[in-house]
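Got a structure here, written out as structure tokens. Questions coming.
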Amino acid sequence: MRYIDSGDRAPGTGVGAWLESELDAPENIDSFAVQSGYFSLADDGGVVELLRRTATAVASMSFVVGSNAGQTRKADVQRLLRLGASSINVGVVAYANGLFHPKVYLIQRVDGSRTAFVGSANFTRRGIEGANVEAGVVLDEREGDPAAILDQVGGAIGRWFRDEPPGFYPVRSSSDVEALAEIGVLGACQVVCVSGHQQLVVRG
């Protein structure tokens, strides 16, 4: 287990540097999975290029992203779908009475070993590329970290797609993205007040 912290603003201390080092040879990666409370994917910059290279090589990618108060844009989710991965799972989580707030990145290598970052960095340009100060821990089976913990990390991401609980919206096509924009899950406020209390929004 290693602790990483970009508070000293030194190059190579953030989650982006860790991702680049792990995904630099995508042919060695079997799958890549993400949970992120906030999400954006700009047209330019290192993040999207890194994902494009990875998507063309890996067996699968999974993204569970929050749209807290409707802040995730449909254009960013569309970009995910267009990455070119042979298998990509995308889901959006939107609640009115709470935030979807995890920040977890899980990589499985072709040799079967896994590594994960669990910390503060959202999958946004500011979170990944170093504008924000972020911190977290890296787990790696190659470094002796328990497989059981990495099982829990992967299970938490996979559970969304398996159970599809209230507030979770699977995205399988561009038409799903458009439908979520229509009902305000993407690009619109999700807070609905009923009798003066915020309620969980469940649509679809």
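How many of the residues making up the stretch 102-129 are β-branched (Val, Ile, Thr), part of a loop (DSSP other than H, G, I, E, B) and modelled with pLDDT of 95 or more?
Here the count works out to 1.
What number of residues within the stretch 131-162 satisfy the criterion of being more than 18 Å from the chain's Cα centre (by Cα) and among the acidic types (Asp, Glu)?
4
Could I ask something else about it? Which count do you get for residues in the stretch 7-25 that are out of contact with any helix residue (DSSP H, G or I) (no Cβ under 8 Å at 6 or more places or on another chain) and over 16 Å from residue 116 (Cβ atoms)?
Final tally of qualifying residues: 8.
Also, quick follow-up: Among residues belonging to the stretch 2-50 that are in contact with a Lys or Arg (Cβ under 7 Å, 6 or more places away or on another chain) and part of a loop (DSSP other than H, G, I, E, B), point out the one that is farthest from residue 159 (Cα to Cα).
45
Let me ask something else about it. Where residues in the stretch 33-61 are among the polar types (S, T, N, Q) and at pLDDT below 95, which of them is surrounded by the fewest Cβ atoms within 10 Å (Cβ to Cβ)?
Only one residue fits best here, namely 56.
Every residue in the stretch 62-92 that is buried (at least 21 other Cβ atoms within 10 Å of the Cβ) and over 17 Å from residue 37 (Cα atoms), please.
85
What residue, among those in the stretch 1-32 that are crowded, with 16+ Cβ neighbours inside 10 Å and over 18 Å from the mean Cα position of the chain (by Cα), is farthest from residue 109 (Cα to Cα)?
Ranking the candidates gives 6 first.
Select from the stretch 143-159 the residues that are out of contact with any helix residue (DSSP H, G or I) (no Cβ under 8 Å at 6 or more places or on another chain) and open to solvent by 40 Å² or more (accessible area, probe 1.4 Å) and list them in ascending order.
Matches in the stretch 143-159: 143, 144, 146, 148, 149, 151, 152, 159.
Taking the options 163, 176, 140, name whichever one is over 25 Å from residue 80 (Cβ atoms) and either surrounded by fewer than 18 Cβ atoms within 10 Å (Cβ to Cβ) or modelled with pLDDT of 95 or more (or both).
Every option except 140 fails the conditions.
Within the stretch 111-162, work out how many residues are more than 24 Å from residue 28 (Cβ to Cβ) and β-branched (Val, Ile, Thr).
Going through the stretch 111-162 one residue at a time, the tally reaches 2.
Could you grab me the full set of residues in the stretch 93-106 that are surrounded by 16 or more Cβ atoms within 10 Å (Cβ to Cβ) and under 25 Å from residue 14 (Cα atoms)?
Residues satisfying the conditions are 100, 102, 103, 104, 105, 106.
For residue 109, state whether it is open to solvent by 20 Å² or more (accessible area, probe 1.4 Å) and among the charged types (D, E, K, R).
Spelling it out, it is not the case that residue 109 is open to solvent by 20 Å² or more (accessible area, probe 1.4 Å) and among the charged types (D, E, K, R).
The values are calculated or read from the model by the stated rules, or taken from the named source; none is laboratory data. Since this is a predicted model, take the numbers as computed values, not measurements. Because the Cβ atoms are built from the backbone with ideal geometry, glycine has one as well, and the counts that use them run over all protein chains shown. Note: areas computed on protein heavy atoms with side chains; ligands, DNA, RNA excluded. Shrake-Rupley method; radii C 1.70, N 1.55, O 1.52, S 1.80 Å.
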